[in-house]
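Novice: Structure provided below as structure tokens; questions to follow.
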Amino acid sequence: GENVEQHPSTLSVQEGDSAVIKCTYSDSASNYFPWYKQELGKRPQLIIDIRSNVGEKKDQRIAVTLNKTAKHFSLHITETQPEDSAVYFCAASMNGQNFVFGPGTRLSVLP
Amino acid sequence: EAQVTQNPRYLITVTGKKLTVTCSQNMNHEYMSWYRQDPGLGLRQIYYSMNVEVTDKGDVPEGYKVSRKEKRNFPLILESPSPNQTSLYFCASSLWGRVGSPLHFGNGTRLTVT
């Protein structure tokens, strides 16, 4: 079955700096890769996603890149702000089912 | 408003006392799933369902049951809860068979088994 690894497990950056979180997956059949943000005590919420036929997607300060050959994808957050502090999860899925999540990255943005 | 609704939000119970956590979605999603979240382990899938009367085990199904008698509801049943089932539980749903269909999560149920 699918296995998703995520690094780093914790990440601290200064406000205004960039943050990068990387994930790798094992099943080449996976074709959809969402990223979720989870604030303390709340549910995971989708922040950006990418399909396997796209190499990069951007939404304001957030971008995701996908390398299908190497089976890895990354989340990039630019100009970080304190409200970006949260736990971020990557996931891999095939056709909208059986989402497998990475273990999460705790991002702290220091003022 | 499109949403996944879980109840209760918090639950404290004792070992062996059967309990049910309800989950309902109003988005006509075929796919529903239960996850448990534990520190350092991320989100692990317990059971999932691709449609009415179709359920399958996820990665950590031991000690849990589910049913899918209606499309909108997917309850999680703990027949005889044990302390190692103390966790944060999330129900989620999505459109099955569609690439690019994200999971929508409920607000979570924090379960404590003493």
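Novice: Can we say B:Glu79 is more than 8 Å from every other protein chain (Cβ to nearest Cβ) and free of Cβ contacts under 8 Å to residues at least 24 places away in the same chain?
Specialist: No.
Novice: Give the residues of region B:1-40 that are of a type in the set (Gly, Ala, Ser) and within 30 Å of A:Thr10 (Cβ to Cβ), sorted by residue number.
Specialist: Selection gives B:Ser33, B:Gly40.
Novice: With the requirement that a residue be out of contact with any strand residue (DSSP E or B) (no Cβ under 8 Å at 6 or more places or on another chain) and outside any strand (DSSP E or B), what does region B:53-83 give you?
Specialist: B:Glu53, B:Glu62, B:Lys69, B:Glu70, B:Ser80
Novice: Does A:Ser30 satisfy being over 12 Å from the mean Cα position of the chain (by Cα), buried (at least 20 other Cβ atoms within 10 Å of the Cβ) and part of a loop (DSSP other than H, G, I, E, B)?
Specialist: Here the answer is yes, as A:Ser30 does meet what is asked.
Novice: Quick check on this structure: which one of A:Val64, A:Val87, A:Val109, A:Val100 is part of a strand (DSSP E or B), away from every other protein chain (no Cβ under 14 Å) and either hydrophobic (A, V, I, L, M, F, W, C) or under 17 Å from B:Gly42 (Cβ atoms) (or both)? Give the derivation first.
Specialist: Details: A:Val64 fails: away from every other protein chain (no Cβ under 14 Å); A:Val87 fails: away from every other protein chain (no Cβ under 14 Å); A:Val100 fails: away from every other protein chain (no Cβ under 14 Å).
The unique qualifying residue is A:Val109.
Novice: When residues of region B:65-89 are filtered for being acidic (Asp, Glu) and within 12 Å of B:Lys17 (Cα to Cα), how many remain?
Specialist: As a first pass, look at region B:65-89 and keep what is acidic (Asp, Glu): B:70, B:79.
The next check asks that each one be within 12 Å of B:Lys17 (Cα to Cα); those that pass are B:79.
Adding up the residues that qualify gives 1.
No value in this document is a laboratory result; all are computed from the given coordinates. All values derive from a computational prediction rather than experimental measurement. Cβ coordinates were reconstructed from backbone atoms using ideal geometry, including for glycine residues, and neighbour counts include every protein chain displayed.
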